[in-house]
1. Counting other C-beta atoms within 10 Å, which of S40, S132, S13 has the fewest, and how do the rest follow?
2. Select from the range 29-84 those GluC sites (Glu not before Pro) which occupy a DSSP coil region and have at most 10 other Cβ atoms within 10 Å, ordered by residue number.
3. Match the structure shown to one of the listed values [x] -0.26; [y] -0.23; [z] -0.48 of log10 I(q)/I(0) by the Debye sum over Cα atoms at q = 0.09 Å⁻¹, computed from it, and give that label.
4. Helix 65-75 versus the longest principal axis of the chain: what is the Cα-based angle in degrees, 0 to 90, to the nearest 10?
5. Need one number: the % of Cα-Cα pairs in the range 1-63 sitting beyond the 17 Å mark.
6. Can you give the charge dipole size of the chain about its Cα centre, rounded to the nearest 20 debye, using +1 on the beta carbon of Lys and Arg and -1 on the beta carbon of Asp and Glu?
7. Beta carbons within 10 angstrom, averaged per residue: use that to sort the peptides 17-23, 100-106, highest first.
8. Run lengths n ≥ 4 of DSSP H only: what is the helix-derived mean residue ellipticity at 222 nm for the chain, with -39500 (n - 2.57) per run over all residues, to the nearest 500?
Amino acid sequence: MLRAVLDANVYISAIIQPGGTPGRLVERFLRDASFEIVVSPAIVDEVLRALAYPKVRKLLHGGDAQLWFEDIVVLADLVAGAQHLSGICEDPDDDKYVAAALEGRAGYVVTGDQAFLALKEHRGVEIVTPRSFLDLLGS
């Protein structure tokens, strides 16, 4: 079973455009459990903060983003967040995703962030786009 950490931008894209690739990816998780999502407390905090941004809320057309995300967190593998990394990613904010992947034994971090994708791999964790990860899951 593939295990992945999803970047906050993937969750935000998924809820704003459920028909897009990130949306289909999250749908596969919720509907078929075709892969496992690993989250850490720091990731949960970041996603909840992003979902509360006025510009994001305006795009949600009144859907309850918090509840939607809580459903995902309940089904996900929540790691303690005990592993800390720094200086791995260009953006220090992205280090927590790699740390959660290592702690939760996930093989992938899924992101739409070009600078983060440029890292490609760290200690066996592959950094991939939502499209690449959806292709890995197959149909």
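Values quoted throughout were computed directly from the atomic coordinates according to the rules given, and no laboratory measurement underlies them. No experiment lies behind these values; they were computed from the predicted model shown. Methodologically, a virtual Cβ is constructed for each residue, glycine included, from the backbone with ideal geometry; neighbour enumeration extends over all protein chains shown.
1. The order, fewest Cβ neighbours first, is S132, S13, S40.
2. Filter output for the range 29-84: empty list.
3. Computed from the coordinates, log10 I(q)/I(0) by the Debye sum over Cα atoms at q = 0.09 Å⁻¹ corresponds to [y].
4. The angle comes out at about 50 degrees.
5. Here the tail beyond 17 Å accounts for 42 percent of pairs.
6. With Lys and Arg at +1 and Asp and Glu at -1, about 320 debye.
7. Numbers: 17-23: 16.3, 100-106: 22.0.
So the order, starting with the most tightly packed, is 100-106, 17-23.
8. Calculated from helices alone, the mean residue ellipticity at 222 nm is -14500 deg cm²/dmol.
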